[in-house]
Each structure stands twice: as structure tokens, then as C-alpha cells.
Amino acid sequence: MIIVEHSPSKHEKQGEIETVLDHLKSAQREIFIQQEQFKKERENFVKQINESQRVLNETIANHQNETQSLQRAIERQDQILTEQKKKYEEATRNYQDELQRTRREAVESQRIYDILVEDRKATQEQIRAAQEANNLLQAKMFELASRPPPEPGGGDCVIL
């Protein structure tokens, strides 16, 4: 005769079930904890990504602003350079005009000077000739004044 006890096997099975349930509950808690930790890490990563994106957007905006500012500065420098080039060209033209005018005036002044020198030479020649004529006249007058007066009734007439 075989006697089979069912109770202890149920008891063992119940213990196994409880152990499996404990493991399941423990595994569920572990999964829940890991899910919560994953959610926190995910939120942290999302925050980091958002912060990185914000910094990147800010950096891009700053870079664009700097690029635009540099572009405006380059355009302004080009404008200033163009204005300075125009002023330089105008100053050069004015200088060339003034130089040409001064050269013409110098040529005209030299021409007038040459005329005056010739006039002076001619005037000096006239003065010298007049002086010579004056000297001759004075010598003649002195000679005449040095002569004795003509005798009365001599009939000599002197015409000068």
C-alpha cells in the first residue's frame, strides 16, 4: 500500500509560488525603480539636450549677429574707402588744376618780367642817350659861356 500525502506537496508548491511571487514583486519593484530612474535620467537628458539646443541657438544667433555686424562694418569700410578715393581724386584734380594755373601764371610773370627787362634796358639806353645829349649840351653851353662876347658891330652871328 502506498500512502500519498498531498498536503506537503501543496505546501511546498505554495512556498514555491510565494517565492516566485516574492521574486515577481521584487522584480516589479526593481522594474518600477529602474523605470523611475530611467524617467529621471531621460528628463535629465532632455533638459541637457534642451539646454544644449538653447546654447547652440544662442551661439548661432550671436554668430549671425556678429556676421551681420562684420558685414555692416565691411560695407561701411568700403563706403569710407570709396569716399576717400573720391576725395583723393578730387584733391588730385584740384592740385593738378592749381599746378597748371600756377605754371601759366609763372610763364606769364616771366613774359612780363622779360618785357620789363627789355623796357628797362630801352629806358636805360634812352636815359644814357639823354644824359649824353645833356652832357653835350652842357659842354656846348660851357664852351659858349667861356667864349668872349662878340664884338659890337662885328657882324658875326652865332646860331646855336
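The values are calculated or read from the model by the stated rules, or taken from the named source; none is laboratory data. Since this is a predicted model, take the numbers as computed values, not measurements. Using ideal geometry, Cβ is built from the backbone for each residue, glycine included, and neighbour counts are taken over all protein chains shown.
A few points about this structure:
- Every residue from the stretch 18-42 that is under 60 Å from the mean Cα position of the chain (by Cα) and either modelled with pLDDT of 95 or more or not acidic (Asp, Glu) (or both): LYS39, LYS40, ARG42
- ASP97 vs. criteria under 52 Å from the mean Cα position of the chain (by Cα), modelled with pLDDT of 95 or more, of a type in the set (Asp, Glu) and surrounded by 10 or more Cβ atoms within 10 Å (Cβ to Cβ): yes
- Here ILE80 meets the list (1) at pLDDT below 95; (2) surrounded by 10 or more Cβ atoms within 10 Å (Cβ to Cβ) almost entirely, failing just condition (1).
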